[in-house]
Amino acid sequence: MSSRLEGKVAIITGAARGTGEQTARLFVEEGARVVIADVLEDEGRAVAEDLEDAAHFCRLDVTDEASWAETIVTTQTHFGAPTVLVNNAGLLHIQSLVETSAADVERLWRVNALGPFLGTKAVASAMHAAGGGSIVNVASVDGLTVKNGLAAYAPTKWALRGLTRVSAIELGQMGIRVNVVCPEAGGPGMRKEFVPENMDPMDTIAFTHGVIPYNRERPGIEIIRDIARMILFLASDESLSCTGADYPVDAGWTAGRRLKYQPGYSIE
């Protein structure tokens, strides 16, 4: 175990599975103590138990202000004041715009946008009192560019980038850095209901990673851990000059287009 996060106390939302789980595991490997915050109680408790004394599970509904207040108290009771918050919990919805209901839009907004707002607000005072810290929001490449079918999802990720900037400007005065990671890969649990029944959701993670073809050959779990590694960097003191910025982890998805008949295209 190395010590890039030695002495850090982190709250990670949506940590029962997917990106949140891998981030929690990596944080513990690097010396942090971690609160596994999720509504998935059985899965969340299992992750915390596996990480032993370095982790504690807390049931958190990110859309509920009182639930956030309880999570802050739980964190302080078990580990001390939080110095890292990872707003990772999120929902995905894929449907054409004309078929998407207002209820689906509101459901995603409450988790993907309101949740990080409430978390940032809840943690600010305790983090300030601890001498500052780092908040890492997990958005998406769909907050940088868009795809069809994401009328409920993409706007929440654009909103999260805006929240990141406002938070960075205001909370910087408290010694709190705020950044946003924009991955082109989500946990398989998010994707499961939107992929064919005969396909493993994990196999879809590298689907858009053609700019660097070796990523198509890597295990999906390693691509998820790439996201966790970027979150780790932003949570650590290695990134003390980084705030208010976007950090794509997308294997070149948002860099531009590679055109087959233009110079510089390789068929290999």
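At a glance:
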| read-out | value |
| --- | --- |
| Residues (under 20 Å from A16 (Cα atoms), free of Cβ contacts under 8 Å to residues at least 60 places away in the same chain and β-branched (V, I, T)) located in the stretch 210-233 | I223 |
| Single residue of F27, F79 found to be surrounded by 23 or more Cβ atoms within 10 Å (Cβ to Cβ), under 25 Å from N179 (Cα atoms), touching a residue at least 60 places away in the same chain (Cβ under 8 Å) and not hydroxyl-bearing (S, T, Y) | F27 |
| Count - residues of the stretch 1-23 that are of a type outside the set (D, E) and in a loop (DSSP other than H, G, I, E, B) | 11 |
| Residue within the stretch 81-97 that is in a loop (DSSP other than H, G, I, E, B), at pLDDT 95 or above and farther than 28 Å from P248 by Cα present | yes |
| So I11, is it among the hydrophobic types (A, V, I, L, M, F, W, C), in contact (Cβ under 8 Å) with a residue 60 or more places away in the chain and surrounded by fewer than 17 Cβ atoms within 10 Å (Cβ to Cβ) | no |
| Single residue of the stretch 150-182 satisfying the filter (among the charged types (D, E, K, R) and touching a residue at least 40 places away in the same chain (Cβ under 8 Å)) that is surrounded by the most Cβ atoms within 10 Å (Cβ to Cβ) | K157 |
| Residue list for the stretch 56-105, filter: in contact with a Gly (Cβ under 7 Å, 6 or more places away or on another chain) and more than 25 Å from S236 (Cβ to Cβ) | T63, L92, I94, Q95, S96 |
| Pick from the stretch 30-73, criterion closer than 29 Å to E106 by Cα and touching a His at 6+ places or on another chain (Cβ under 9 Å), ranking: surrounded by the fewest Cβ atoms within 10 Å (Cβ to Cβ) | C58 |
| Neighbours by Cβ (under 6 Å, 6+ apart or cross-chain): first from the stretch 135-149, farther than 20 Å from P116 by Cβ; second surrounded by fewer than 24 Cβ atoms within 10 Å (Cβ to Cβ) | T145/T254; G149/I94 |
| Count of residues meeting criterion [closer than 28 Å to V9 by Cα and touching an Asp or Glu at 6+ places or on another chain (Cβ under 7 Å)] in the stretch 90-129 | 1 |
| Scope the stretch 125-141; condition crowded, with 21+ Cβ neighbours inside 10 Å and outside any loop (DSSP other than H, G, I, E, B); matching residues | M127, G133, S134, I135, V136, N137, V138, V141 |
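To keep it simple, each residue is scored yes or no on (1) buried (at least 20 other Cβ atoms within 10 Å of the Cβ); (2) under 18 Å from A185 (Cα atoms); (3) over 19 Å from the mean Cα position of the chain (by Cα).
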{"residue": "D226", "(1), (2), (3)": "no, yes, no"}
{"residue": "R229", "(1), (2), (3)": "no, yes, no"}
{"residue": "L232", "(1), (2), (3)": "yes, yes, no"}
{"residue": "L240", "(1), (2), (3)": "no, no, yes"}
{"residue": "D246", "(1), (2), (3)": "no, yes, no"}
{"residue": "A251", "(1), (2), (3)": "yes, yes, no"}
{"residue": "G256", "(1), (2), (3)": "no, yes, yes"}
{"residue": "L259", "(1), (2), (3)": "no, no, yes"}
{"residue": "G264", "(1), (2), (3)": "no, no, yes"}
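The values are calculated or read from the model by the stated rules, or taken from the named source; none is laboratory data. Source: prediction; values computed, not measured. Positions of Cβ are generated from backbone atoms using ideal geometry, with glycine treated the same way; all protein chains shown enter the neighbour counts.
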